[in-house]
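As structure tokens, the structure follows; a few thoughts come after it.
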DNA sequence: GTCATATTCTTACAGTGTAAGAACACAAAT
DNA sequence: ATTTGTGTTCTTACACTGTAAGAATATGAC
């Protein structure tokens, strides 16, 4: 690692491309400017290369997205197995949410993405093992696992791309009409701000976890 | 309405375009072939016209999607207010799910769409009124309303575009390796089939509803 | 008929993902 | 130092997208 690239001269020196660098740049671009404006050409611009150069590392945009999904899943920590199983689920839920909030632009894509890479399946498998450790029957843990996932997906989607942020061409209803025609929404409006998201997430999570714990008897 | 169009002759007779007909055709196309292959040109083909003719009725694709979202929201029945409030929430949850399942191709778009049309806001307002009827404080109903929505969104997304259906370029892990490397997933596999979706949805919904009911005291 | 208006189509453009292959870089072998 | 090979990057091209601008057509009023 002595003088392999002569950094600092004016001569078109550039970090060479790599899977890692491309994935990083894609996250940076998407989480900063949104999925809607993402394209291979813009990503290439960000990387300082031509669009087709990316295809030497990823055979298609879909494969790049797969790699990004994989990376997101790998970021989620799985707590040690000597903790209480419910506590482990709670920790993983927070870990999942933290991942989503680190990638607000990308998360909506992850939420509807098929999870069939080894990394993703490995995580799901480990989550299911926690349900097994809790002593749930096959039927119970398959259900509770899904309910757990439903809640996490819905919550993270709302916090990242929620209906206040999603795309829409309709112009918003003006403030005064809004207050008159939708008084119940207006009343809770202040509580819909981001600073209440964590509390809401926690409250809902506890309910879901309580349901999971209770399902052990049935 | 006697002989306005002479139906049945070979002469290029065609139902004239309309907002309604375009929206219907868009639902048909998307729910049959998926969002990925949808385009204005293909929709025009389905309608028997040219792509630009659609723009006389909707100023952009985004506006068409807005109209479709609106229509979906209008399809959800709101139960009469003399029922028990929890029962009303349960009914609306099933109504919402039924809407999603009627439009499996379109739902993923709806799930991340901003809801700021009058129709959509009207529905949200009526849902919030149910929480008010239940006697929840402003803070409690703002939270429980969101948790309710999180669950519905996550569940319907999974049932329509779930991770078993979403896009992915990665080739699936072969069966024998799967059983060896991901035994916990393999064990619950049979329970992940669509015939178990309803039971799972109901189980999770009851947990969420119980949480909502319990939040009245706090 | 003529005319006004509403509807539909033609053409065109900038942007997309990516196939095919040319051009380049650089280490090892001569 | 030159050649060779191999991995990396770029050039060009194509079929597709959403939609702007305006021409052509249909429809009904007078």
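Name the helices (runs of 4 or more DSSP H) wholly inside the range B:26-122 in which the number of residues that are within 12 Å of DNA strand D (Cβ to nearest atom), closer than 25 Å to residue B:202 by Cα and free of Cβ contacts under 8 Å to residues at least 40 places away in the same chain is 3 or more.
Per the criteria, no element qualifies.
Can you tell which of B:173, B:127 is at pLDDT 95 or above and within 9 Å of chain A (Cβ to nearest Cβ)?
On the way: B:173 fails: at pLDDT 95 or above.
That would be B:127, the only listed residue that is at pLDDT 95 or above and within 9 Å of chain A (Cβ to nearest Cβ).
Every test in (1) within 16 Å of DNA strand D (Cβ to nearest atom); (2) within 14 Å of another protein chain (Cβ to nearest Cβ); (3) in a loop (DSSP other than H, G, I, E, B); (4) at pLDDT below 95 is passed by residue A:4 save one, and that test is (2).
On inspection, residue A:71 passes the criterion of being within 26 Å of residue A:122 (Cβ to Cβ), within 14 Å of another protein chain (Cβ to nearest Cβ), away from DNA strand C (no atom under 11 Å from the Cβ) and at pLDDT 95 or above.
Restricting attention to the range A:20-69, the residues being buried (at least 18 other Cβ atoms within 10 Å of the Cβ) and under 14 Å from the mean Cα position of the chain (by Cα) number 6. Listed conditions (1) surrounded by fewer than 19 Cβ atoms within 10 Å (Cβ to Cβ); (2) facing another protein chain (nearest Cβ under 7 Å); (3) modelled with pLDDT of 95 or more are all met by residue A:180, apart from (2).
How many residues are buried (at least 17 other Cβ atoms within 10 Å of the Cβ) and under 22 Å from residue B:161 (Cβ atoms) if we restrict to the range B:197-210?
7
Name the one entry in B:187, B:120, B:161, B:139 that is facing chain A (nearest Cβ under 7 Å), touching a helix residue (DSSP H, G or I) at 6+ places or on another chain (Cβ under 9 Å) and buried (at least 19 other Cβ atoms within 10 Å of the Cβ). Full working, then the answer.
Values: B:187 fails: buried (at least 19 other Cβ atoms within 10 Å of the Cβ); B:120 fails: facing chain A (nearest Cβ under 7 Å); B:139 fails: buried (at least 19 other Cβ atoms within 10 Å of the Cβ).
On inspection, the qualifying residue turns out to be B:161.
For residue A:201, only one of the following conditions fails: (1) free of Cβ contacts under 8 Å to residues at least 60 places away in the same chain; (2) part of a helix (DSSP H, G or I). What is its number? (1) is the only condition that residue A:201 fails.
Of the numbered criteria (1) within 10 Å of chain B (Cβ to nearest Cβ); (2) over 21 Å from residue A:65 (Cβ atoms); (3) at pLDDT 95 or above, the one residue A:168 fails is (3).
When you check residue B:100 against the structure, is it facing another protein chain (nearest Cβ under 7 Å), modelled with pLDDT of 95 or more and buried (at least 22 other Cβ atoms within 10 Å of the Cβ), yes or no? Walk me through it before giving the result.
On the way: facing another protein chain (nearest Cβ under 7 Å): no; modelled with pLDDT of 95 or more: yes; buried (at least 22 other Cβ atoms within 10 Å of the Cβ): yes.
No: the conditions fail for residue B:100.
The values are calculated or read from the model by the stated rules, or taken from the named source; none is laboratory data. Nothing here was measured: the structure is a model prediction, and the numbers come from that model. Positions of Cβ are backbone-derived with ideal geometry, glycine not excepted, and every protein chain shown enters the neighbour counts.
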